[in-house]
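Structure, as structure tokens:
The values are calculated or read from the model by the stated rules, or taken from the named source; none is laboratory data. This structure is a prediction, so every number in the text was calculated from the model and none was measured. Positions of Cβ are backbone-derived with ideal geometry, glycine not excepted, and every protein chain shown enters the neighbour counts.
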Amino acid sequence: MTTSKHTALSDASIEQAVERFGTPLYLYDAAVVEQKVTELRSCFPEQAELFYSFKCNPLVGIAQLLLRQGCRVEVASGGELTAALHAGYDPSNIVFTSPGKTEEELRLAIRSGIYCINIENMNEIALVDQIAAQHGKTVDIAIRINPDEPQQHAASIKMSGVPSQFGMDPSFLPEAIETALRMANIRLIGFHIYLGTQILQAEAIVRHFGQSIRTAVELADRYGLELRFLDIGGGFGVPYFPKETALDLSALQQGIAQVWQEWGSNLANTRLAVESGRFLMAESGVFVSKVLYTKESKGSHYVIGDGGSHQHASSAFLGRYIRSNFPMRVIGEGVGEQEVTVTGPLCTSTDVIGNKVNLPLASAGDLIVVEKSGAYGLTHSPTMFLSHPVPAEVLIDHERHYVLRERGQFSDCLRGQHPLAEGVTL
Ligand SMILES: Cc1ncc(COP(=O)(O)O)c(C=O)c1O
């Protein structure tokens, strides 16, 4: 039996939480989140502001924890914007990025007076200008750039340098910038470049940041723009699998210091944003499923738990990011090890959260703990499938438990539905 080094996520602590809140369960350790914020901040000059990428874990309570740490927030939908405002973020610390912002979402962003809308296509420029005019406002925008250079890093998902729906190719930038500058109701304050996610090589991140800053400074010079805002993204990765090594934070810090030496003076009056979701949250959380049954089938061992891919799709490789087993452990009395397939309760063969993993012999009632599950867990999962209630999500902070999301109920699947005929009493 292995034990997590973080006491809030130790076996004993998890068992205690399970007794109170049941399974399946997401458990988060506030101390780890705080440590990650401190670690990432230490890599950047003080001027840089850390924006929490809401998409990685949209719990209002988590957003509040990050707000308490002085983070700003980057949202990607009207829902996330609503939740960020609800969490208490000041609109002046919110940026909105999405390749498909609807008119309704843009209206909400403009009405709320958020700091900046990161624009991703030509039509959006005109639409924002039009809505801004209707609200009698001047709206600050940044243009998201999809650079031409293919990125050299090994990010699982490259979000620039390849054809994509994100940002604008450099060939479109002259037209985009000139259009933005002509519009009466928008102000072009800067640029946004996001290169990809799950990057584990510090040198690659440093190189990208250097390139991004150069691109933005050169564009600003060329068009006589005052570079008020520059969002250089992030992509800071987390090692999930045995062959991966953690991001070398001292190399990152040194590399960024060099970039800053070269470019810092150009950015003296620029608000510099760095975005992070996964790095801040992944290692703070575990997903806990209780073993319902164990069985053998044609020579293979199966452990069937009450939590599955509908609640933690990334662990079941359904997400595009992660294609190997998440680290996991068993809490129980089992000794020895055997190769098992850990599944959830769904009637689909893709509901496998551990594929041929070596685990102690588990039996009914034992707990399967999927580690590094604080980011892209429930939020990245097809929770509607098979109408199971959502797991509870609980934060442990200074030994106190905070229920951030209540466990769902069977009747949740009926919410918002209009049956054709009456007759069922709930
Ligand atoms: C624009 C943007 N910012 C930030 C993020 C968050 O990335 P991560 O969780 O890897 O930090 C993403 C993820 O896709 C993104 O698209």
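Which one of these does Y376 not meet: (1) in contact with a Cys (Cβ under 7 Å, 6 or more places away or on another chain); (2) more than 26 Å from S77 (Cα to Cα)?
Here Y376 clears every test but (2).
Given the structure, is L81 in contact (Cβ under 8 Å) with a residue 40 or more places away in the chain, in contact with a Leu (Cβ under 9 Å, 6 or more places away or on another chain) and crowded, with 20+ Cβ neighbours inside 10 Å?
Answer is no for this residue.
So F287 passes all but one of these: (1) in the same structural domain as G210 (by TED's automatic domain parsing); (2) farther than 23 Å from T38 by Cα. Which condition number does it fail?
The number of the failed condition is (1).
What do you reckon, is T197 among the hydroxyl-bearing types (S, T, Y) and within 12 Å of the ligand (Cβ to nearest atom)?
It is true that T197 is among the hydroxyl-bearing types (S, T, Y) and within 12 Å of the ligand (Cβ to nearest atom).
Does I62 satisfy the condition of being modelled with pLDDT of 95 or more, within 15 Å of the ligand (Cβ to nearest atom), more than 26 Å from I141 (Cβ to Cβ) and surrounded by 19 or more Cβ atoms within 10 Å (Cβ to Cβ)?
yes
Of the residues that sit in segment 377-426 and are exposed (fewer than 10 other Cβ atoms within 10 Å of the Cβ) and of a type in the set (S, T, N, Q), which one is modelled with the lowest pLDDT?
T425
Of all residues in segment 340-368, count the ones that are out of contact with any helix residue (DSSP H, G or I) (no Cβ under 6 Å at 6 or more places or on another chain) and either surrounded by fewer than 17 Cβ atoms within 10 Å (Cβ to Cβ) or of a type in the set (V, I, T) (or both).
16
Out of the residues in segment 220-245 that are among the hydroxyl-bearing types (S, T, Y) and out of contact with any Phe, Trp or Tyr (no Cβ under 8 Å at 6 or more places or on another chain), which is nearest to the ligand (Cβ to nearest atom)?
So, considering only residues that are among the hydroxyl-bearing types (S, T, Y) and out of contact with any Phe, Trp or Tyr (no Cβ under 8 Å at 6 or more places or on another chain), the one nearest to the ligand (Cβ to nearest atom) is T245.
Among the numbered criteria (1) outside any strand (DSSP E or B); (2) at pLDDT 95 or above; (3) of a type in the set (D, E, K, R), which one does R320 miss?
Here R320 meets the rest and fails (2).
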